[in-house]
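Here is the structure we will look at.
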Amino acid sequence: MKNRDASRSQSAHTSFEAGNAVEQRGAGRWMRKDPTGMEEPPTIVSRHVGTTQVGYDPLRWTWVEPSVWTERMLTALEQGVKGGKWFSLIDKVHSAANLRSAAAKVVANGGAAGVDHVTTREFIDRGEENVDKLAEQLRTGTYRPSPVRRVQIPKPGSREMRPLGIPTVRDRTVQAAIRHVIEPIFERDFAEHSYGFRPGKGAKDALRRVDYLLKQGHTHVVDADLKGYFDTIPHDKLMQKLRTKLSDSRVLKLIESFLKAGVLDGLTTWTPTQGAPQGAVLSPLLSNVYLDELDHLLAQRGFEMVRYADDFVILCKTRDEAQAALAIVQQWVSEAGLTLHPEKTRIVDERVESFDFLGYKFLKHRRFPRKKSLAKFRDAIRAKTPRTNGHCLSWIIADVNRTLRGWFEYFKHSHRDSLVAVDKWVRMRLRSILRKRIDIHGRGGGYDHWRWPNAFFAGQGLFFLTTAHAQAVQSSRR
């Protein structure tokens, strides 16, 4: 009996993964019966550059979920639907093909279990059964989200803690399915200067834009900080913004049910009246929807704004212009039910003062890793280089190199001087280990530079940030 049950579980598991592999490749059609018994072969959006479907640009929408967004729907998206609102979307949400794809992405992302203690591994082990059950509940309107498990995580480079909400894997799957359906509808009209959590955009694009504007003379910067943004988004105002493009009441109620889902914090359960929990699949999209009005308002007034989620700067050519931009932001934020951090929101002249953005510090047209970024990096290296580390040096260096390479990939545009200091600090950590092994106490320094010179560590394969930086600069000049 046990063998038969195990075989059945393994069969379902294999079928679930195989189906997702087909869907993610966007190849062919997956014939399958939905909970009503009707076969639903979804039209798969072509991923070929040569597609000539009139009415939409296939290159712009290569990222959309193919089991949801057919060529006909994409054409309607680009041409615009009547009244600018989309109706009858719930059937796209509870489509079994959409839910399978959503579940596959949730499982691939990993993450902790929610209040039900079901892990991603356990969820996918019964993938077909879980998807069928979700599809039925969503179709009949009996689906209810579970409370969100709240944990406190440290802010990078800080002693402060940040609340993180962890929905169940089941709820994350439904949220991902909703996102598959509604994200293209809002993405179509999002402002160009919004870079956070958007397809084909990222932090490096935002940093490049800031660097370009600074070099064009936009040196007076409104460095704004929204206080507790994700925890303070007003639910009623957010739902109003969603209703400007969505008219399917069942989808809207489903989204609202996630916003109002209970929160389990330790042994206490409470119901939020505002906010979108960080950690929820829908939250990044909802946060962009809420700030989109501010994006367009500033663009219409001629201001150069660069935003990544709730972190944004406005770059101006004069202080008067910056003050005018800040006044607009202050008024909009107040009307939107949000709060600007009084101590962290300021106007700076980048030629004489620094400002931080996305991990970098900008000063005099140069970039440096900000203090919190350096603190987080040093914490990571310290964890790998205690003086009592019992591994051989080559093993330690290989482990350290993984952190160094990853850190450099993001911070390689920093000024060389800041990388020199980091290289020295890393070598000091390694010399301290070697000192301990010959019964010398204390951190590496003094004669240790003669005992184990820089060339010694280079010979051991240590990744030097300054060397990689020089190579990157040389490569960019070719």
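The values are calculated or read from the model by the stated rules, or taken from the named source; none is laboratory data. Predicted, not measured: the structure shown is a model, and the values here were computed from it. Positions of Cβ are generated from backbone atoms using ideal geometry, with glycine treated the same way; all protein chains shown enter the neighbour counts. Accessible surface areas use protein heavy atoms only, side chains included; no ligands, DNA or RNA. Shrake-Rupley method; radii C 1.70, N 1.55, O 1.52, S 1.80 Å.
Using a/c under 1.5 as the rounded threshold, could you call the stretch 102-216 rounded, prolate or oblate? The axes a ≥ b ≥ c are square roots of the C-alpha gyration tensor eigenvalues, and prolate needs a/b larger than b/c, oblate otherwise. Note, shape of the stretch 102-216 comes out oblate. Were the residues from Gln331 through Lys201 laid out at 0.36 nm apart, the gain over their Cα-Cα distance would be 43.9 nm. Convex hull volume of the Cα atoms of the stretch 60-148, normalised per residue: 133 Å³.
May I ask you to give the solvent-accessible area per residue for the stretch 284-425, in square angstrom, as obtained with a 1.4 angstrom probe?
On a per-residue basis, the stretch 284-425 sits at 48 Å².
With only the Cα atoms considered, the stretch 263-365 has a convex hull volume of 139 Å³ per residue. Think of it as helices only: each DSSP H run of n ≥ 4 in the chain is worth -39500 (n - 2.57), and spread over all residues that comes to -16000 deg cm²/dmol at 222 nm. Projecting the Cα positions of Ser414, Pro154, Phe186 onto the charge dipole of the chain (unit charges on Cβ atoms of Lys, Arg, Asp and Glu, taken about the Cα centre) puts Ser414 furthest along the positive direction. Backbone amide hydrogens, once placed in the peptide plane, bring Arg367 within less than 5 Å of His415, excluding anything fewer than 5 places away on its chain. Against the chain, whose longest principal axis is taken from its Cα atoms, helix 283-300 shows a tilt of about 80°.
Just order 267-274, 426-433 by mean Cβ neighbour count inside 10 Å, highest at the front, would you? Walk me through the numbers before you get to the answer.
Values: 267-274: 11.1, 426-433: 20.1.
In descending order of packing, they fall as 426-433, 267-274.
Using semi-axes √(5λ) of the Cα gyration tensor in Å as the read-out, say which of [x] 42, 32, 23; [y] 56, 31, 24; [z] 38, 31, 19 was calculated from these coordinates. The listed entry that was calculated here is [x].
For an R0 of 35 angstrom, estimate the FRET efficiency from the Cβ-Cβ distance between Ala375 and Thr232 and round to the nearest 0.05. Efficiency at R0 = 35 Å is approximately 0.85. For the charge dipole of the chain, defined by +1 on Lys and Arg C-beta atoms and -1 on Asp and Glu C-beta atoms about the Cα centroid, which residue among Trp332, Ala458, Val131 has the Cα displaced farthest towards the positive pole? It is Ala458. For the chain, relative contact order (Cα pairs under 8 Å, six or more residues apart, normalised by length) works out to 13 percent. Taking amide H positions as modeled 1.01 Å from N, with prolines and chain starts lacking one, the residues under 5 Å from Ala309 and 5 or more places away or on another chain are Tyr195, Gly196.
Taking 0.36 nm per residue of separation and subtracting the Cα-Cα distance, what length does fully extending Arg121 through Gln471 add?
Numbers: separation 350, 0.36 × 350 = 126.00 nm, distance 4.24 nm.
Separation in residues times 0.36 nm, less the Cα-Cα distance, equals 121.8 nm.
Helix 169-187 versus the longest principal axis of the chain: what is the Cα-based angle in degrees, 0 to 90, to the nearest 10? With both axes taken from Cα atoms, the answer is about 90 degrees. For the stretch 232-350, the Cβ-based charge dipole about the Cα centre amounts to some 420 debye (Lys, Arg positive; Asp, Glu negative; other atoms uncharged). Just check the stretch 201-274 against the gyration tensor rule for me: Cα atoms, a ≥ b ≥ c as the square roots of the eigenvalues, rounded for a/c under 1.5, and otherwise prolate or oblate depending on whether a/b exceeds b/c. Verdict is prolate for the stretch 201-274. Dipole orientation for the chain: of the candidates His94, Gln274, Pro342, Pro342 has the Cα lying most toward the positive pole (charges on Cβ; Lys, Arg +1; Asp, Glu -1).
For the chain, the longest stretch holding no GluC sites (Glu not before Pro) located in a DSSP loop with at most 13 other Cβ atoms within 10 Å is which?
After excluding every exposed loop site, the longest remaining stretch is 1-159.
For Lys376, the aspartates and glutamates whose Cα comes closer than 17 Å to its Cα, not counting residues fewer than 8 places off in the same chain, are Glu160, Asp356, Asp399, Glu409, Asp423.
A simple count of charges around Gly200, restricted to other residues whose Cβ falls under 11 Å of its Cβ and scoring Lys, Arg +1 and Asp, Glu -1, yields +1.
Tell me, what % of the accessible area of the chain is carbon and sulfur with a 1.4 angstrom probe?
Working: 12050 of 23790 Å².
Heavy-atom surface of the chain belonging to carbon and sulfur, 1.4 Å probe: 51 percent.
Comparing Cα centroids, the stretch 306-337 and the stretch 108-146 end up 41 angstrom apart.
Between the helical axis of 465-477 and the longest alpha-carbon principal axis of the chain there is an angle of about 70 degrees. Placing +1 on the Cβ of every Lys and Arg and -1 on the Cβ of every Asp and Glu, with nothing else charged, gives the stretch 399-478 a dipole about its Cα centre of roughly 40 debye. Given +1 at the Cβ of Lys and Arg, -1 at the Cβ of Asp and Glu and no other charges, the dipole of the chain around its Cα centre is 2020 debye to the nearest 20. Shape of the stretch 114-154 from its Cα gyration tensor (a ≥ b ≥ c, root eigenvalues): rounded if a/c is under 1.5, otherwise prolate when a/b > b/c, or oblate? Taking the square roots of the gyration eigenvalues as a ≥ b ≥ c, the stretch 114-154 is oblate.
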